[in-house]
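Data block below; observations after.
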Amino acid sequence: TAFCAGFAIFLMISPALAEDPIFTVEGVQVDITAESALAARDQAFAKAQQDAFAALAQRMLPEEDLTGFTPPDPLVISPMVQDYEVTQEKLSKVRYIGTYTFRFNPRAVQKYFNKSGMPYASVPSKPLLIVPFYKQGEQTLLWSPYNTWMNAWNRAGGNGVMVPLLVPMGDLADVGDIGDDDVLDYNPSRLESMLSRYEAGEAVFVVATPGTGMQQTGDMQMA
């Protein structure tokens, strides 16, 4: 079946309120077949709203409240949608495939959870500082350009929404605080200095060795 590809952006109101990353859900993919392309697209949009709201709930609700959680009807979700984008779509006579980004209205979502009696978190934690050490034989690397583990974290970039992730820059202040040999024998006051500089709440030392699939081991320090 032949498909047509398209790109569309739908903006509703007040985009300034849509900046909060907690309430933005990207990459919502749907694939619906129905009696017509129009019907498939309508069903896909309804399902995309529910999938996006379920992803939002995963961020905001405690784990015990996620058990058995089902998103409400799309008619309930729609008023909570601030704006949305269709970042990619394909359609045939009876099938619709789309990828959406939804930005929810924070006040509307909070009101919904309040009314439902569900405890939730809507403020992200302080960033988590990832300090990647690479151990090869007897040598441990941190700030070296040959630290492929650090390079991998930098390429991946910060992820996480409720707990943002940061990787240190490796400037003179960082090098002065944590050295290559400090993975198991760091200075707590210098680690505190680094946490303060990056405005991070915690630090995690992750150590990778070749031949282990870059398996992570961590030592978490609370600020």
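Tabulated values for the structure
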item: Enumeration of residues in the stretch 58-70 that are over 19 Å from the mean Cα position of the chain (by Cα) and either within 18 Å of Ala44 (Cβ to Cβ) or open to solvent by 50 Å² or more (accessible area, probe 1.4 Å) (or both); result: Glu64, Asp65, Thr67, Gly68, Thr70
item: Qualifying residue in the stretch 169-189 (condition: modelled with pLDDT under 90 and under 30 Å from Pro106 (Cβ atoms)); result: no
item: Subset of the stretch 42-55 [farther than 13 Å from Tyr100 by Cβ and surrounded by 19 or more Cβ atoms within 10 Å (Cβ to Cβ)]; result: none
item: The stretch 165-190, residues that are farther than 21 Å from Pro145 by Cα and either touching an Asp or Glu at 6+ places or on another chain (Cβ under 7 Å) or in contact (Cβ under 8 Å) with a residue 60 or more places away in the chain (or both); result: Arg190
item: Boolean, Asp73 is more than 18 Å from Tyr120 (Cβ to Cβ), free of Cβ contacts under 8 Å to residues at least 40 places away in the same chain, out of contact with any Lys or Arg (no Cβ under 6 Å at 6 or more places or on another chain) and open to solvent by 40 Å² or more (accessible area, probe 1.4 Å); result: yes
item: Residue list for the stretch 48-70, filter: part of a helix (DSSP H, G or I) and without any contact (Cβ under 8 Å) to a residue 24 or more places away in the chain; result: Asp51, Ala54, Ala57, Gln58, Glu63, Glu64, Leu66
item: Residues of the stretch 38-97 satisfying the condition of being of a type in the set (Ser, Thr, Tyr) and at pLDDT 90 or above; result: Thr70, Ser78, Tyr84, Thr87, Ser92, Tyr96
item: The stretch 126-144 residues that are closer than 18 Å to Ala156 by Cα and open to solvent by 30 Å² or more (accessible area, probe 1.4 Å), paired with ones that are aromatic (Phe, Trp, Tyr) and in a loop (DSSP other than H, G, I, E, B) (beta carbon under 8 Å, 6 or more apart); result: none
item: Conditions (1) among the β-branched types (Val, Ile, Thr); (2) open to solvent by 10 Å² or more (accessible area, probe 1.4 Å); (3) in contact (Cβ under 8 Å) with a residue 60 or more places away in the chain: number failed by Val86; result: (2)
item: Inter-residue pairs, beta-carbon under 7 Å, first open to solvent by 10 Å² or more (accessible area, probe 1.4 Å) and in the stretch 95-111, second assigned to a loop (DSSP other than H, G, I, E, B), 6+ apart; result: Arg95/Thr1; Pro106/Asp20; Pro106/Ser122; Gln110/Ser122
item: Qualifying residue in the stretch 175-194 (condition: under 26 Å from the mean Cα position of the chain (by Cα) and part of a loop (DSSP other than H, G, I, E, B)); result: no
item: Residues located in the stretch 71-101, provided they are assigned to a helix (DSSP H, G or I) and either within 23 Å of the chain's Cα centre (by Cα) or closer than 17 Å to Ile32 by Cβ (or both); result: Pro74, Ile77, Ser78, Met80
item: Unmet criterion (only one of (1) open to solvent by 40 Å² or more (accessible area, probe 1.4 Å); (2) modelled with pLDDT of 85 or more; (3) over 30 Å from Met60 (Cβ atoms)) for Trp153; result: (3)
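The values are calculated or read from the model by the stated rules, or taken from the named source; none is laboratory data. In this text, all values refer to a predicted model and were calculated from it rather than measured experimentally. Every residue, glycine as well, gets a Cβ built from its backbone with ideal geometry; the counts of neighbours run over all protein chains shown. When the accessible area is computed, the model is the full protein with side chains, heavy atoms only, and any ligands, DNA or RNA have been set aside. Shrake-Rupley method; radii C 1.70, N 1.55, O 1.52, S 1.80 Å.
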